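The values are calculated or read from the model by the stated rules, or taken from the named source; none is laboratory data. Not measured: the values here are computed from a predicted model. All Cβ positions, glycine included, derive from the backbone under ideal geometry; neighbour counts span all protein chains shown.
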Amino acid sequence: MTRTVDTLIIGASAAGLATAACLKRAGHGFEILEAGDVVGPSWRHQYDRLHLHTPKSASALPGLPMPSEWPRYPSRDQVVAYLERYRAHHGLEPRFGQAVTRLEPSDGGWLATTEEDEWRAQTVVVATGANRRPVRPTWPGLDAFRGDVLHSSEYRNGDPWKGRPVLVVGFGNSACEQAIDLVERGAHPHLAVRSAVNVLPRDVFGLVPVLQLGIVMQHLPPAVADALAWPMIRVTVGDIRKVGLRKLPYGPNAQIARDHHIPLLDIGTMNHIRAGRIGVHGGIERFTDDGVVFTDGETLAVDAVVLATGYRPGLDEFLVPWREVCDDEGTPRVSGGPTALPGLYFCGQFVSPAGMLREMGIEAGRIAAHLTSA
Ligand SMILES: Cc1cc2nc3c(=O)[nH]c(=O)nc-3n(C[C@H](O)[C@H](O)[C@H](O)COP(=O)(O)OP(=O)(O)OC[C@H]3O[C@@H](n4cnc5c(N)ncnc54)[C@H](O)[C@@H]3O)c2cc1C
């Protein structure tokens with residue numbers, strides 16, 4: 001069946017629901033198509049220990065704060081509960097089980113195809129997440145490695161590896177929290193860190209969320225913001241080279257602007273590294289049947305490898321003219337505003353020093369304002 005709507009929102013997690021709430025408030029017609037059976041399926045499948053790294057005050061979506069009795073950094077299950085509450089509070093009714101398999105320009109608007117229907121819309125807001133497709137690098141010998149190999153998106157907790165060595169590949173926030181989880185569950189984690197990094201404390205002196213500084217300084221040139229933050233980082237984090245890490249030649253704000261990567265917001269990984277409970281190694285050269293050989297020749301026997309190697313938006317899987325709006329890595333060039341293709345918007349693709357959830361709320365409001373003023 002072919003259906004028609006003013007605006008089609010694809011995805012019913014944080015970005016899609018925020019966009020819908022802003023459009024509803026503006027009296028603009030829309031439908032939401034969601035591949036999963038519930039709102040925020042990506043959050044439900046995340047690891048057990050996960051808590052937001054951004055404080056709830058800067059992570060709520062437009063029109064509904066997170067409950068005051070919740071902790072500063074809500075858990076995975078609280079984020080799921082919040083998304084459910086958000087949907088109900090704004091009276092949003094996504095159509096579930098509706099994966100868009102093809103999205104293309106058609107007759108001056110857009111045509112979205114799902115298994116059951118075709119949807120014609122003047123405008124489309126793609127809110128399918130920056131984390132749609134896990135990145136799974138490979139190395140020589142990985143096929144012959146006899147241990148477990150999983151992506152961080154498949155990691156639930158460290159129980160299966162109690163008492164056993166595990167290699168976590170990467171140094172992002174998931175890698176470092178999963179390494180803590182492995183310590184807490186009695187496993188012996190090691191981190192393979194190929195590149196130079198930046199480390200920030202999640203809370204400055206355990207008191208002020210570092211994100212609040214990011215919000216205050218986000219409009220400064222990144223190099224200036226980094227210069228101002230450097231004394232704080234030096235005092236709170238110390239010299240990361242002493243534990244075998246390499247420091248990026250530029251600071252965290254420049255890292256976000258140049259590389260679109262959030263630096264580590266440390267919640268205890270550095271203490272475990274200093275205490276020897278988490279090993280730090282370099283990049284991976286190859287795997288053997290029972291372990292890994294690093295680029296410096298060091299060898300390590302491990303029982304499992306967790307690939308905390310990030311994600312891609314994966315838009316090429318359904319957005320036909322993706323090259324016209326994305327860079328070579330498939331990341332949209334514009335998020336939260338009009339793209340090079342009339343009627344096409346993305347929400348939630350911009351990596352912000354002020355937090356992604358906060359940013360997608362702002363982008364949702366901007367998109368709604370643009371659509372209703374057109
Ligand atoms: C482990 C982890 C921790 C994070 N922690 C924080 C944090 O502390 N603070 C913060 O600000 N941000 C955090 N983020 C980043 C970001 O805020 C979250 O990933 C957030 O869920 C992104 O929301 P989203 O709506 O853009 O995408 P998603 O939550 O990924 O939702 C996309 C939705 O689109 C649906 N979808 C995808 N493709 C299709 C299709 N073809 N058709 C129909 N539906 C489709 C999916 O089923 C999904 O429901 C974290 C991310 C991860 C992975």
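Can you confirm whether segment 187-210 contains a residue that is without any contact (Cβ under 8 Å) to a residue 40 or more places away in the chain and within 17 Å of TYR47 (Cα to Cα)? Yes; the residues of segment 187-210 include at least one that is without any contact (Cβ under 8 Å) to a residue 40 or more places away in the chain and within 17 Å of TYR47 (Cα to Cα).
Yes/no matrix, rows are residues, columns are (1) assigned to a helix (DSSP H, G or I); (2) surrounded by fewer than 24 Cβ atoms within 10 Å (Cβ to Cβ); (3) touching a residue at least 60 places away in the same chain (Cβ under 8 Å):
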{"site": "THR4", "(1), (2), (3)": "no, yes, yes"}
{"site": "ILE9", "(1), (2), (3)": "no, no, yes"}
{"site": "LEU17", "(1), (2), (3)": "yes, no, yes"}
{"site": "LYS24", "(1), (2), (3)": "yes, yes, yes"}
{"site": "GLU31", "(1), (2), (3)": "no, yes, yes"}
{"site": "ALA35", "(1), (2), (3)": "no, yes, yes"}
{"site": "GLN46", "(1), (2), (3)": "no, yes, yes"}
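Taking the criterion of being touching a Pro at 6+ places or on another chain (Cβ under 9 Å) and either among the aromatic types (Phe, Trp, Tyr) or without any contact (Cβ under 8 Å) to a residue 24 or more places away in the chain (or both), the only residue of segment 271-290 that qualifies is PHE287. Being within 11 Å of the ligand (Cβ to nearest atom) and either closer than 22 Å to ALA354 by Cβ or touching a Leu at 6+ places or on another chain (Cβ under 8 Å) (or both) holds for only one residue in SER13, SER57, and it is SER13. Report whether or not GLU363 is among the acidic types (Asp, Glu), out of contact with any helix residue (DSSP H, G or I) (no Cβ under 7 Å at 6 or more places or on another chain) and either over 21 Å from THR54 (Cβ atoms) or in contact (Cβ under 8 Å) with a residue 40 or more places away in the chain (or both). Taking the combined requirement at face value, the residue satisfies it.
Only one entry in THR101, THR123, THR128 is closer than 23 Å to ARG323 by Cβ, within 12 Å of the ligand (Cβ to nearest atom), touching a residue at least 60 places away in the same chain (Cβ under 8 Å) and touching an Asp or Glu at 6+ places or on another chain (Cβ under 8 Å), namely THR101.
For ALA21, the test of being modelled with pLDDT of 95 or more, within 12 Å of the ligand (Cβ to nearest atom) and within 20 Å of MET356 (Cα to Cα) is failed.
For the residues VAL334, VAL293, VAL306, the requirement of being within 16 Å of the ligand (Cβ to nearest atom), in contact with a strand residue (DSSP E or B) (Cβ under 9 Å, 6 or more places away or on another chain) and within 17 Å of PRO165 (Cα to Cα) singles out VAL306.
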